[in-house]
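A short reminder: the numbers here are calculations on the coordinates, not readings from a lab. Small disclaimer: the values here were computed from a predicted structure and weren't measured. Quick reminder, even Gly has a Cβ in these numbers, built from the backbone with ideal geometry, and neighbours come from all protein chains shown.
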Amino acid sequence: MGALTDKYCIVGVGETPHMRPSNRTTLSMACEAVKKAMADAGLEPRDVDGMTSYQAGDSTTSNHVATSLGMRLNYSVDIFGGGSSTEALIGNTIGLLEAGYCKTMVIFRSMNGRSGRRMGGQAPSGPVPPTRAAEDNQFMMPWGWTSPAQRFGMSAMRYLRDTGTTTKSLAEIAVAHRYHASLNPKAVMRHPITIDDHQNSRWVVKPLRLLDCCLETDVSACLIVTSRERAYDLRQPPVFIMGGTGRTMAPNSAWNYSRPEIHYVAGNYGRNRLFGMAGISQKDVNLISCYDAFTFTTLIQLEAYGFCGKGEAGEFVKGGRLQIDHELPSNLSGGHLSEGYTHGVSMVIENVRQLRHRADDACPGWAEGTHSYDRQAGCRQVKDARIAACLGWGTETMSSSAILRGIAA
Amino acid sequence: MPGPIDYSKITITPDFDTVEWWMGTKEHKYLVRQCKDCGHKWFPPFPACNKCNSMDLDWFETAGTGVLHSYIVVTQPILGAFVEAVPYVVGLIELDDCHEADGSLVRVGGVMLDDEEDVAIGLPVTVEFEQTNEANIVVPRWKISGTADNTWKFSE
Ligand SMILES: [Zn+2]
């Protein structure tokens, strides 16, 4: 186990609605998310003295959020990055709290991911005008190979060839995450879908269809981390951080495509650190959030983090294994495929709520931890949820992760 | 063959590490970086050898031939330059003459001149150079150059 296992806790979570469009600034949305997370934890602005965020040149800063909310911070830093950032910043935060740089830290992401800068690269009005191909993009953009779907599609295609997996396995993931979204009042896409719906959806870039791709939404989402001793005095059952990894790289990470296997992803290099630090095995995990920028990213991470063998994920996901009440429920909020897109924070938030036994679903008593487990009635609380693995993804060659433990079940 | 690509809608911006590569394409050379000290080859042209850390580097002129390792078929254009080109195939090409004893190799991307129906993983490909409407920019394209056993095609 890690020296700091269970010593720090996630004590507050909050987010804005997923909007399309928000008609708001990233600063305004971030203030709302941080306020909600503080209220959730039972913290006042004066109790928070650390703040960190990540962005891609598309967001506000900790400086502006703290100023707007009347906080004086002892530590703040904003980093560059996308999907591999949430769990990496949890790791940073543990180190900072342990070293005494601050006592209670906010982690947030705020993005107009649909109405502002779209990660898919497409402007709201259609294909984008003249574009600058600089740095690595010199060797991708001129060949019309730019968006995440186009980049990850290359690895997905080779994976299908090497393993014999078909796109029906990708469909299983889309169906599972959408089913969970149907139980989440906050989710953008709530109509359940079938394997056939996936197979009949239009191509975006072969081998990926529309229903293989995540949503793009305007949203801010926030986590608050503090020490175990402080957590005991706060409003919610604490969720303990057992271990994690931060932006673990595969070899040759800046050019995935010359690696021997372009679908042997970074999680393979983080797996033993993650489970070793947490002191548990995959069998101990009750639920996961498995980064679903695309169905394929979820699929490949199941192998990378050892939930199934190499090349076996296509079979593993069949029969609803990733759905609630089955062996390994994944992305209980609906994930980025169906709830909305936050570059990872919302997946950790959902796991925190599940581990508190307080999934915000249709059960009248959810806020007190009373659930019916009746899926027809809209309950999405995983029964006896104790341990959740957060499996982040940045690219094939970069990923972050965390294992969380609750005490409410 | 895919429709025309409007390169005027992309501003290719070479930097100090890459400008010689783009000059190479003007002479119809497909270059990769090579270490003068240990002979290692790589691409894109990062400025140090990741085997021996030498920064004393050369360029290796490849034969411009390889094997298709993977591909995608873009049906929805993202860049303005490719609006007329869809559907087009981007190939990932494993270069023939960059294999090293320890298994390291070089793969590069490029737009195929062939249509989706003719493309399969495992087929041999060769480079062709396309003059763009920007006088200084010549872009490599790739085309199927033969047949092979054990090819694989994506089927819906
Ligand atoms: Zn060398």
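Taken along the Cα-to-beta-carbon direction at a fixed 7 Å, the label points for A:I79 and A:N200 span 4.4 nm.
To the nearest 0.05, how large is the calculated FRET efficiency for A:D136 and A:K103 if R₀ is 35 Å and r is the Cβ-Cβ distance?
So, using R0 = 35 Å, E works out to roughly 0.30.
Region B:110-156 and region A:1-63 have Cα centres lying 47 Å from one another.
Other residues within the sphere of radius under 11 Å centred on the Cβ of A:L4, judged by their own Cβ, net out at 0 (K and R +1, D and E -1). Note on A:K35 and A:A56: the extension gain reaches 5.3 nm, defined as 0.36 nm multiplied by sequence separation minus the Cα-Cα distance.
Reported to two decimal places, what Rg/Rh ratio describes region B:1-153 when computed on Cα atoms with Rh from the Kirkwood expression? Kindly include the intermediate steps, with their values, before the conclusion.
Numbers: Rg = 16.1 Å, Rh = 16.4 Å.
My calculation puts Rg/Rh at 0.98.
Site pair A:I407 and B:K153 shows an inter-label distance of 6.2 nm when each label is modelled 7 Å from Cα along Cα→Cβ. With a simple spin-label model that places each label point 7 Å from the Cα along the Cα-to-Cβ direction, the separation between A:K168 and A:K310 comes to 2.7 nm. Three principal axis extents describe the C-alpha atoms of the protein assembly as shown; from largest down they are 70, 49, 47 Å.
The count of lysine pairs in region B:7-144 that are at least 8 places apart or cross chains, and whose C-alpha atoms lie under 25 Å apart, stands at 12. Here B:K51 and A:Y373 are evaluated by their C-beta separation; at R0 = 56 Å the FRET efficiency comes out at 0.50. Compute the Rg to Rh ratio over region B:3-91 from the alpha carbon atoms, using the Kirkwood formula for Rh, and round to two decimal places. Value, to two decimals: 1.05. Shown is the FRET efficiency for A:Y232 and A:K283, computed with R0 = 41 Å from the Cβ-Cβ distance and rounded to the nearest 0.05: 0.90. Across all Cα pairs in region B:91-150, the calculated P(r) in 10 Å bins from zero up to the longest distance comes to 20, 45, 28, 7, 0 percent per bin.
Here's the list of lysines a cross-link from A:K310 could span, going by alpha-carbon distance under 16 Å and ignoring same-chain residues fewer than 8 apart: A:K318.
Both numbers refer to the Cα atoms of region A:240-320; Rg and Dmax are 13.1, 39 Å. Straight-distance candidates among the lysines for linking to A:K7, with alpha-carbon spacing under 30 Å and chain neighbours fewer than 8 residues away dropped: A:K35, A:K36, A:K103, A:K283, A:K383.
Put in line by how crowded their Cβ is, counting other Cβ atoms within 10 Å and starting with the fewest, B:W21, A:W393, A:W143 read B:W21, A:W143, A:W393.
When the Cα convex hull of region A:155-310 is projected onto planes of every orientation, the mean area is 11.7 nm². Histogrammed with a bin width of 5 Å, the alpha carbon distances of region A:67-119 distribute as 4, 15, 25, 21, 18, 11, 6, 2 percent, first bin at zero. Fewest-first ordering of A:C214, B:C35 by other beta carbons within 10 Å of each residue's beta carbon gives B:C35, A:C214.
Averaged across A:253-265, how many Cβ atoms of other chains sit within 10 Å of each residue's Cβ atom? It would help to have the intermediate numbers written out before the result.
Details: counts 0, 3, 7, 2, 11, 15, 3, 3, 0, 4, 1, 0, 0.
That works out to 4 on average.
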